[in-house]
Structure formats: structure tokens, C-alpha cells
1. Give the residues of segment 325-349 that are farther than 21 Å from Gln406 by Cβ and either within 16 Å of the ligand (Cβ to nearest atom) or free of Cβ contacts under 8 Å to residues at least 12 places away in the same chain (or both), sorted by residue number.
2. Return yes or no: is Val470 among the aliphatic types (A, V, I, L, M) and away from the ligand (no atom under 16 Å from the Cβ)?
3. Only one of Ala8, Ala74 is over 29 Å from the mean Cα position of the chain (by Cα), aliphatic (A, V, I, L, M) and closer than 27 Å to Asp173 by Cα. Can you tell me which?
4. For residues that are open to solvent by 40 Å² or more (accessible area, probe 1.4 Å) and part of a loop (DSSP other than H, G, I, E, B), tally how many sit in segment 276-302.
5. Quick one: how many residues across segment 216-238 are in contact (Cβ under 8 Å) with a residue 40 or more places away in the chain, not hydrophobic (A, V, I, L, M, F, W, C) and not in a helix (DSSP H, G or I)?
6. Condition check: closer than 30 Å to Ala377 by Cα, in a helix (DSSP H, G or I), open to solvent by less than 40 Å² (accessible area, probe 1.4 Å) and not aliphatic (A, V, I, L, M). Does Gly47 satisfy that?
7. When the residues of segment 72-99 are filtered to those that are at positive phi and not in a strand (DSSP E or B), which remaining residue is surrounded by the fewest Cβ atoms within 10 Å (Cβ to Cβ)?
8. Do you know which residues across segment 166-203 are touching a residue at least 40 places away in the same chain (Cβ under 8 Å), within 16 Å of the ligand (Cβ to nearest atom) and outside any helix (DSSP H, G or I)?
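The values are calculated or read from the model by the stated rules, or taken from the named source; none is laboratory data. Just so we're clear, the structure is a prediction, and the values are computed from it rather than from any experiment. For neighbour counting, all protein chains shown are included, and Cβ atoms are generated from backbone atoms with ideal geometry for every residue, glycine included. These area figures cover heavy atoms from the full protein model, side chains too; ligands, DNA and RNA do not enter into them. Shrake-Rupley method; radii C 1.70, N 1.55, O 1.52, S 1.80 Å.
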Amino acid sequence: MAGDRIVAIGNERDVLRLRDPRTRVVNLRGRSVLPGFTDAHTHPISGGLRHVECDLDRFDTAEDHLAAVAAYAAANPDREWIVGDGWSMETFPGGIPRREALDAVVPDRPVFLTNRDGHGAWVNSRALELAGVTAGTPDPPLGRIERDPDGTPVGMLQEAAQELVTRLIPPHDAATLERAIVDAQAELHALGITGWQDANVGPRELAAYRTVAGRGALTARVVLALGSASLDAYGGVDGMVAARDAVAAAARESSLGARGSARLTASAVKFFVDGVLENRTGALLEPYLDAAGRPTGGTGILNFEPERLRRLAIELDARGFQLHYHAIGDRAVREALDAIEVARRANGPRDARHHIAHIQVIHPDDLPRFRALDAVANAQPLWAVHEAQMDELTIPILGPERTTWQYPFGSLLRAGARLAFGSDWTVSTADPFPQIEVAVRRIWPGNREAEPFLPDERITLDEALRAATVGSAFVNRQDEAGWLGVGRLADLVVLDRELGAPDAGPISETKVVGTMVGGELVFEAAALEV
Ligand SMILES: [Zn+2]
């Protein structure tokens with residue numbers, strides 16, 4: 001390769017003819033090269049902040065969680081707030097931990113701990129007291145305060161109820177956000193990721209990305225999805241347009257070339273259409289079931305009036321934005337497809353690349369609409385397995401029929417949909433290989449003897465690799481990345497084995513030994529042998 005491009009692909013003799021004294025020759029000795037991965041839905045700043053906040057991602061038991069909180073509080077005596085994330089719902093009965101447990105380890109300072117999926121938070125009594133949340137506090141719109149039978153808050157805030165407390169937490173300063181981006185980038189490059197879409201960015205995070213890019217320190221190709229929850233903070237749709245155009249202007253004017261702001265665009269807007277199923281905030285077409293399998297009155301929470309969602313889709317699409325939807329339940333998926341449909345009708349079809357992420361439950365009638373509307377299915381394949389959260393929390397409240405509508409990647413491909421992969425890091429691992437293994441096997445890599453989850457929805461290794469590379473690069477408008485070809489961008493990853501070979505071992509154990517973006521080595525596990 002030369003500059004940021006691949007200049008030749010072929011046998012050793014032909015390629016070596018192009019060598020000049022500055023050419024570095026690397027013999028991969030049977031290891032393989034793939035296009036770099038693009039992560040079409042991720043939260044790298046949360047990942048980077050794990051180095052400064054209380055990281056609960058590694059723990060399985062309530063005792064271990066509490067010990068980690070106690071240790072963090074002791075190690076950070078000057079922090080007014082103990083903030084962290086990464087705990088998982090299956091650790092606690094019904095997915096709901098209690099404030100008393102936290103009070104026992106941190107009685108004097110407020111504690112706010114987001115769970116792994118970000119849709120709920122565990123807080124202690126001090127946090128509730130500072131926020132003025134009592135038995136008399138009503139549930140806010142689109143949120144729920146978990147309570148004892150007498151109305152007393154138990155210390156778990158679902159969805160928008162988290163904001164009762166988060167508005168009190170001092171925001172991270174710019175330097176911390178910038179460091180989080182750089183730390184996350186190093187972590188992602190080491191996993192073979194050469195580009196991503198940040199799935200929810202407010203003005204402060206956008207400013208941090210701009211600073212990092214302006215310093216020439218952004219090596220990944222990044223698309224920012226401006227969070228619709230920050231619409232007012234941006235100054236409405238006009239403010240979002242101005243923010244996007246300012247990033248584009250900085251990229252054009254950058255004297256830093258390809259390593260400058262050119263790697264950054266702010267061309268998407270993200271909507272949380274609904275919540276998640278496990279806490280019954282995902283929006284369904286038909287009610288959730290109770291423990292006896294009978295329909296409850298609840299169909300979850302739709303975060304937008306459908307009319308507003310459609311109006312915003314028309315307006316943002318007309319202004320050239322890509323729409324990026326979080327949609328978990330079949331009602332949310334349908335609302336997102338409807339919004340894309342009305343935008344196309346109002347503004348005419350264009351190369352918009354709107355995408356719907358998560359797509360946990362898709363009503364079969366909606367499967368062909370992805371292709372018909374040119375909407376990309378942005379899948380998080382790692383979640384398509386039998387594990388505790390699925391088997392104990394989700395399947396019982398969906399019932400047998402809707403259970404089979406989950407994560408229908410095979411059906412989407414058969415219906416002609418375009419498929420992209422995103423990790424939703426830090427909700428789950430950013431490593432592409434466990435995701436690819438699950439897409440192919442539908443079995444959790446930590447329990448390989450388990451039953452596959454809906455085996456008809458398995459896809460081939462080739463289809464999974466395409467979703468994770470060219471499929472996600474398409475979402476990010478990186479049409480010259482995501483596949484190997486002469487004249488294409490030299491965004492590459494070197495693996496420690498040849499995927500798909502008979503002796504390759506489990507896909508999820510694949511390791512990256514080198515990552516290159518635009519011809520520049522951005523990660524090297526050990527010096528690649530010459
Ligand atoms: Zn997400």
C-alpha cells in the first residue's frame with residue numbers, strides 16, 4: 001500500500017516488484033488479513049470513562065459488586081459522588097437491587113450506578129435524599145421509580161426516572177472526556193476496530209471529539225449520532241445542523257490532513273424510541289405477560305408521540321441527517337420504520353442510510369420493510385443467545401410466539417435487508433469476534449454446549465464478517481473502506497489465525513495482532529515480523 005490506499009493485491013512476486021527502499025515488508029506467516037471492523041453502534045466515551053469511574057462490569061455476585069463499590073469509594077475519598085456502571089440485572093432478584101445494600105458500604109456520599117444496558121440505575125439513600133425522591137414523588141413521564149408496596153423507593157430508577165438524580169451529578173470536564181475518547185480508541189483499535197458510530201452524543205461530547213480530532217489524535221473514522229435527548233441543548237434542529245456543518249468545515253480547513261478533523265463527521269441523529277424488555281419499558285404491539293402467562297395491561301413505554309417522531313424524521317431527513325433509532329420492541333421497530341417511511345414520502349427517497357439498532361423483536365410483517373425502505377438493520381448479535389437475562393427475564397414476559405421473533409438476522413437477510421453490526425459497548429463487549437461467533441452459532445461463547453437460540457436465524461461466517469465490515473462501513477458512509485481492493489482505503493486488521501480454517505478454533509478466541517487505518521499502523525500486538 002502507499003499513502004492511505006491499497007495499491008496492489010496479488011502474488012508475492014508481482015507485489016514485491018512495487019517495493020522501494022522505504023517499503024516495509026511484513027510476512028504474516030499464515031495469519032490472515034481482513035478489512036478493519038466498523039462498529040455501527042457504540043458508546044466509547046462510557047468505555048473510556050470506566051478508567052475513572054466505578055467499573056462493575058467484571059462482577060457476578062451482589063457481594064462482589066458491593067466490595068468493588070466500597071473499594072472505589074475508599075480509593076477516591078475526594079469524589080463527592082460515586083458514579084459507575086456495568087452491573088447486570090441477573091445478579092439481583094427480579095433485576096432490582098436495593099439502596100440499603102449500597103448504604104451499608106457508602107452511607108455518607110451519594111451513589112449512582114447505571115446498569116449494563118444503561119436503562120436503569122441503582123442508587124443509595126443519600127442520592128435519593130439529595131434528589132428529594134420520596135414515597136410521595138410521582139413517577140416522571142417515561143420513567144419509573146421502583147417501590148416497596150407502601151410506595152417507598154427501593155433504590156432503583158428506571159429509564160427517565162434516572163434523571164431525577166443525574167441532573168445533580170457534576171458533568172465531566174472537557175479534559176476527562178477527551179482522555180476517555182483517546183483511551184477508548186486505543187482499546188478499540190486493539191480489537192481491530194477502525195471506525196465507529198458513537199450512538200448518543202451531546203454538545204459536550206461533540207466538543208471533546210472535535211478537540212481530539214483537531215489535535216490529530218483521532219485515528220479512527222468516526223460518525224457522531226447527535227442525541228435527540230440533547231435537541232434543546234443543541235438549540236433545536238437548526239443547532240444540530242450548525243454543529244454538523246461546523247465539524248464538516250473544520251474537516252475541510254484542517255491543515256492536519258487525513259489525521260485531522262477529516263476523520264470526524266456529525267451526520268446522524270439518534271432516537272431512543274423505547275426502553276428494554278427486561279424492565280418492561282420496551283414498546284410492544286401486544287401486552288407483556290405476567291408470571292402466569294396472562295396478558296398484563298402494559299405494552300411498555302414509547303418515548304415519543306408517534307406524530308412527533310415522524311415530524312422530526314421528516315425535518316431531519318430534509319436537512320440531510322441520517323436517522324439512527326434505538327428500537328427494541330416490535331412496536332418501537334414499527335414506529336421507526338413508519339417514521340422512515342413518512343420521511344421518504346415527504347422528501348423523496350435519497351441515499352439516506354437510516355438505520356434501526358437493536359431490533360430485538362420484529363413483527364414478521366415488518367421484515368420486508370427494511371429492504372423496501374432502504375433501512376439498515378443494525379444488529380447487536382451477541383445478545384441472540386440463551387442466557388439468564390433472556391431465559392429468566394425476557395422469554396416469560398414475551399411468551400412463546402414473540403420469543404421466536406427475536407434477533408431474526410437470518411430472516412432479515414432472506415428478506416433482502418442490509419445488515420450491519422454494532423457492539424453497543426459498554427452494554428456488552430466491543431470485541432467483534434464473540435459477536436461474529438454468536439451470529440454464526442447463536443450460542444453464548446462461555447457455554448458452548450448450550451442449545452442454540454432460534455437456530456434458523458443463524459447466518460454464515462461470511463455473512464457475519466460482511467455485516468461487521470462492509471455492512472457497518474456502509475452505515476458510516478465509508479464506501480472506500482470495509483473491503484479489500486486496489487485503490488481502496490488501507491483500513492486493515494491482521495488476525496492470529498485464518499477464520500474458517502478447520503484448525504482455527506472458536507471464532508471468539510481470535511486475536512488481533514495488528515490494525516491499520518489509512519495505511520498507518522495504529523495497533524501492533526508485538527512487532528510484526530519482517
Ligand atoms: Zn446503545
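1. Arg345, Gly348
2. yes
3. Ala74
4. Total satisfying the criteria: 11.
5. 4
6. Spelling it out, Gly47 is indeed closer than 30 Å to Ala377 by Cα, in a helix (DSSP H, G or I), open to solvent by less than 40 Å² (accessible area, probe 1.4 Å) and not aliphatic (A, V, I, L, M).
7. Gly94
8. Ile193, Trp196, Gln197, Asp198, Ala199, Asn200, Val201 - these are the residues of segment 166-203 that are touching a residue at least 40 places away in the same chain (Cβ under 8 Å), within 16 Å of the ligand (Cβ to nearest atom) and outside any helix (DSSP H, G or I).
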